[in-house]
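The values are calculated or read from the model by the stated rules, or taken from the named source; none is laboratory data. Owing to the predicted nature of the structure, the values given are computational and were not obtained by experimental measurement. Note: ideal-geometry Cβ built from the backbone for every residue, glycine included; neighbour counts use all protein chains shown. Areas reflect the complete protein model, heavy atoms only, side chains present, ligands, DNA and RNA absent. Shrake-Rupley method; radii C 1.70, N 1.55, O 1.52, S 1.80 Å.
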Amino acid sequence: FARNVLPHVANTRDFVAGLATALDKDGTLAIEAHYARIILDELHYDSIYHEHLCYFTLKSLERLLNDFGLFVFDIEKSPISGGSIVVYARKIKSDESSELLKYRAEEKSLKINELSNWGEFAKQAHAHKDKLLKMLSDAKSEGKKIVGWGASARSSTLLNFCGINSTALPIVADQAPLKWGLYTAGTHVLIEKPEVVMSQNPDVVFILGWNFAEEIIHRLRHDFKYQGEYLIPLPNEPKIITSK
C-alpha cells in the first residue's frame, strides 16, 4: 500500500517500476493520491506546493501504471488531504468494478483532463483570494481579534498566495511543540502553543488547517469553551460560521 507517497516522488517512473518489480504476480497494489478532480472541484489551491510534485487524475495515474504492466481494477475514496483516491492494480487485467467505470466516465464528461478547466481553476483561485482578504479586512475593521489555527505547509501556501502576514494575522496556533516560538515561512506570523493563542480571547479563529476543521472546532469548543466565530477558507468559498 503506497499511501500518498507517489505525489511526493521526484522520479515517478522509477518509483512505479520498483513497485512493479516488488509486486508478486498474484499480488495487489494499492496507491493513494490526492485526487486532482477534488482539487479542481473544491479549489484546493493551497495543496499545490513544493512537496507535491505530481497531481493525479484517474486517467493520468492509470497511464503511468499501464506503462509498467499494472492495471487498475477498482477505486475508492479516501479522506486524506481533503479528498484522495485509492486505486487497486494487478499485473494481470481483471474484471473492472462499476465504481472504476463510473470514475472514468465522469472524468471524461466533466473534462477533468482538459487544460481549459485548469485555466478556470487559476481564475477562481485569484477570485477566492480577493474574497478571503475582504473577509479578514471587514473583521478587522469591526474591531474583531483574529488568530489562526494550523501552521502546516498548505497553510503557508494559502498565506503567501493571499499575502496574509502578521499585520492581518498576528499569531497562529499549532499542536507541534517544534514550531512554537517560530514563524510561518514567508509571512512571518508567530506560531505558538494553542493555550497561548487562545488566552488572547479571540473573536475569530481562522482555521488554516481547514481539512481538519471538524476536529479543530470540537477541540476549541470543548477544551477552550470558545464561543466566537470561525473563518474557514476552503473548500470552495471562504465562510464564517458561529459557534452555534
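Data for the structure
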item: Residue within segment 26-43 that is in contact with a Lys or Arg (Cβ under 8 Å, 6 or more places away or on another chain), modelled with pLDDT of 95 or more, surrounded by 14 or more Cβ atoms within 10 Å (Cβ to Cβ) and in a helix (DSSP H, G or I) present; result: no
item: Cβ pairs under 7 Å, 6+ apart, first in segment 182-211 and over 21 Å from Met135 (Cβ atoms), second open to solvent by 70 Å² or more (accessible area, probe 1.4 Å) and assigned to a strand (DSSP E or B); result: Leu190/Tyr183; Ile191/Tyr183
item: Long-range neighbours under 8 Å by Cβ, at least six apart or interchain, first residue under 20 Å from Tyr183 (Cβ atoms) and modelled with pLDDT under 95 within segment 132-147, second open to solvent by less than 60 Å² (accessible area, probe 1.4 Å) and assigned to a helix (DSSP H, G or I); result: none
item: Segment 227-244, subset within 23 Å of Ser47 (Cα to Cα) and not in a strand (DSSP E or B), residue most open to solvent (accessible area, probe 1.4 Å); result: Glu237
item: Filter result for Asp74 (assigned to a strand (DSSP E or B), of a type outside the set (A, V, I, L, M) and more than 30 Å from Leu159 (Cα to Cα)); result: yes
item: Filter pass, Ser109 being open to solvent by 50 Å² or more (accessible area, probe 1.4 Å), hydroxyl-bearing (Ser, Thr, Tyr) and in a helix (DSSP H, G or I); result: yes
item: Matching entry among Glu114, Glu96, Glu51 (being open to solvent by 70 Å² or more (accessible area, probe 1.4 Å) and under 24 Å from Asn160 (Cβ atoms)); result: Glu51
item: Subset tally (residues that are open to solvent by less than 50 Å² (accessible area, probe 1.4 Å) and not hydrophobic (A, V, I, L, M, F, W, C)) for segment 75-93; result: 5
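Okay, residues lined up against (1) crowded, with 17+ Cβ neighbours inside 10 Å; (2) under 22 Å from Gly83 (Cβ atoms); (3) not small (Gly, Ala, Ser):
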| position | (1), (2), (3) |
| --- | --- |
| Ala153 | no, yes, no |
| Ala173 | yes, no, no |
| Tyr183 | no, no, yes |
| Val196 | no, no, yes |
